[in-house]
Amino acid sequence: MAFAARRRTFTALAISTALCLASFARAAAAADSVVQIPVDSVLDGRTVSTLNGQAIVSWSAAQGIDGDGYADGFVTTAVEAMLQKQGKTENGVLGIALPDDGKFPATTRHPEIDLHFSNTAANTAPQTHQLHLSTGPQTFTFNVPQATYSKLFLLITCSEGPAALTITLTYAGGAAPVVTKLTLPDYGVGGAPANDQVFFNLIQGMHKWDTTNKENDGPSHTITGIEMNPSMTGELVSVQVTKTNGSHVVFWGATGVATSPVTTGTGGTGGTGGASAGGASGAGGVMVTAGAGGNAGSVSASGAPSAGASAAGTGGSGVSGSTSSGTAGTDSEVTSTDSSSGCSFLGPHAFSTRELPAWAVIVALCGVAWRRRRS
């Protein structure tokens, strides 16, 4: 009887192992990667005041968020704390300001989004791209690390009224570009409406800051996101944004959710039309593949090839690619978004099949069964 009981226990463990391995395989097949799109080739403005040690590095004239870029900018949280001590906040209190590292954690609406301002960045590092009100219709284009994407998030604000935007997604293989026309809400009146299917507020409830970094106006200002739904089968290669009216537009960055291995190509092109400054030609590309036993490597927008560091766990590293020389840029991150396998004995988000070989699971479970049998 004891032997029969042990045999039933071992059989149950074997079945559990098989089911968990199948669950792991399904999770791996469905796993997506969050890609911080490298847009350094079009960034040419400083819209955010940052803190370097104890010194405030102010946003730059003509590169702000309001008054055609001349009136106001945003500040980081550390800068606002410094300005409070200087008596430049309204009623002497702290409000909502931008994160010091430019990172916005994932929510139910969007993945983690990393923008291009930071207190640790160089004082002259560009953060945004401007489409000025006074120069009318303008266009800018940036290349996307080639892959299939389930989602694409564009982070844009506009002032002086809503912005009429035309967004063109271009795919590999000669497929016809997909054109979307939309009207982006003004950032100063709360940005995206609640529960909107296209627009969302990445951050809201902020004041704006004048040329002397004094807080002004009400806490109704936002950075707004635009949620796009690219083709699930075509490999996206570039995005073009055209402003067709007189609104003042600030482009902050882009993030995608890739459903295939990611390849970067050449950089984007700067703005055209009016007197808007154009971005320099971008850097060469890097191939990103899954490392042996590890997650996807990081993508570099710099001229030098970047080793593909593991995005999660210790399973291995990605494969670095070759790249042509180009202007240095910030790294484009590829973050694993593997879901839990659902096997409670491992714990949520503990492993994926790329981190834990199947034989290791089987050996571990067989060891448990053997110990029970011995006891």
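The values are calculated or read from the model by the stated rules, or taken from the named source; none is laboratory data. Here the structure is a predicted model, which is why all the values come from computation and not from measurement. Quick reminder, even Gly has a Cβ in these numbers, built from the backbone with ideal geometry, and neighbours come from all protein chains shown.
Some values worked out for this structure:
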read-out: Residues of the stretch 179-200 satisfying the condition of being in contact with a Phe, Trp or Tyr (Cβ under 9 Å, 6 or more places away or on another chain), surrounded by fewer than 20 Cβ atoms within 10 Å (Cβ to Cβ) and modelled with pLDDT of 95 or more; value: Leu182
read-out: Residues of the stretch 69-84 classified as touching a helix residue (DSSP H, G or I) at 6+ places or on another chain (Cβ under 9 Å) and farther than 16 Å from Pro99 by Cβ, total; value: 2
read-out: Residues that are in a strand (DSSP E or B) and of a type in the set (A, V, I, L, M), drawn from the stretch 175-227; value: Val178, Val179, Leu182, Leu184, Leu202, Ile203, Met206, Ile223, Ile226
read-out: Whichever residue in the stretch 137-170 is within 20 Å of the chain's Cα centre (by Cα) and of a type in the set (Ser, Thr, Tyr) and, among such residues, is nearest to Glu227 (Cα to Cα); value: Ser150
read-out: Filtered residues of the stretch 234-246 (kept if in contact with a helix residue (DSSP H, G or I) (Cβ under 6 Å, 6 or more places away or on another chain) and of a type in the set (Gly, Ala, Ser)); value: Gly246
read-out: Those strands (runs of 3 or more DSSP E) lying entirely in the stretch 28-130 with at least 2 residues buried (at least 23 other Cβ atoms within 10 Å of the Cβ) and modelled with pLDDT of 95 or more; value: 33-36, 48-52
read-out: Any hit, the stretch 233-240, residues being over 20 Å from the mean Cα position of the chain (by Cα), part of a loop (DSSP other than H, G, I, E, B) and closer than 30 Å to Thr76 by Cβ; value: no
read-out: Condition check for Pro137: in contact with a Lys or Arg (Cβ under 8 Å, 6 or more places away or on another chain) and at negative phi; value: yes
